[in-house]
Amino acid sequence: MTRASRFQAFRFVFEREYTVKAAEHLKMLSLVEVLGLVVAAVLAAPAAAAAQAGSQEQVTFTKDIAPIFQRSCISCHRPGSIAPMSLLTYEDVRPWARSIKQKTSRAPDDPDRMPPWYIEKNVGIQKFKDDPSLTKEEIALIAAWADNGAPRGNPADMPDIQLADGAWTIGIPDLIVSSPQMTLPGVAPDFYGRIGPAKTT
Ligand code: HEC
């Protein structure tokens, strides 16, 4: 007998013994015990379902995520601003759910972390006006939402978008410097050179 077949034989005997013992044990359960188990299972089912709903289905875009994005993301992630895509509406956001989870849960000092906020979280001043950074709870909420299929939720929960296109987010600046418009060829080396005088207003 090879080692493998000895193992197979052992497994067979073990499983058979186990099955027979389990069957005998079941026979010994009285009717009262069986009824008790059924009642317990029926009582437990709704509680388990509720717990699952509580942990997973609760996080939705309209109710939980959109308010966070409005505070911390859309100053850059909206049409005409500096980020590559808009995060204003559910349709804008949905394709990016996975990437959003990744970028928001990077280490605080990772330069790729979103939103960009390079304040060390363990030294120095920590209270800033208009601080866009996310709390640990918000980061966990975004991750749970993305992991759960990034559900939209009830459209009625969606907050009004607070930011008019092109509005300054922290008041009108003292000085605005606008570089002249430049057009570069689509396929060309990086451009290093003078761009001419900048207009100040
Ligand atoms: C200060 C401006 C700013 C804020 C605020 C900001 N972002 Fe960004 N975000 C950017 C820029 C710029 C890029 C492009 C960076 C690059 O391509 O290297 C980017 C890239 C991203 C990407 C990666 C896109 C890709 O191409 O893979 C994700 C995801 C993202 N941001 C999500 C967020 C989320 C979520 C928030 C808010 C919690 C946020 N960002 C806040 C400026 C911002």
Could you compute the net charge surrounding Arg71? Neighbours are other residues with a C-beta less than 12 Å from the C-beta of Arg71; K and R count +1, D and E count -1.
-3
Given pairs Lys63/Lys101; Lys129/Lys199; Lys63/Lys136; Lys101/Lys136 and cut-off 21 Å on Cα-Cα distance, the over-length ones are Lys129/Lys199
By the Cα gyration tensor axes a ≥ b ≥ c (a/c under 1.5 gives rounded; else a/b larger than b/c gives prolate, otherwise oblate), the shape of the range 111-154 is prolate
Largest first and to the nearest Å, give the Cα extent of the range 80-193 along each principal axis.
48, 39, 31
So how do 78-86, 112-120, 140-148 stack up, highest first, on mean other-Cβ count within 10 Å?
140-148, 112-120, 78-86
Sort the following peptides by mean Cβ neighbour count (other Cβ atoms within 10 Å, averaged over residues), highest first: 95-102, 69-76, 179-186.
69-76, 95-102, 179-186
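Coordinate-derived values only; no laboratory data. All values reported here derive from a predicted model rather than from experimental measurement. All Cβ positions, even for glycine, are placed from backbone atoms using ideal geometry, and neighbour counts span all protein chains on display.
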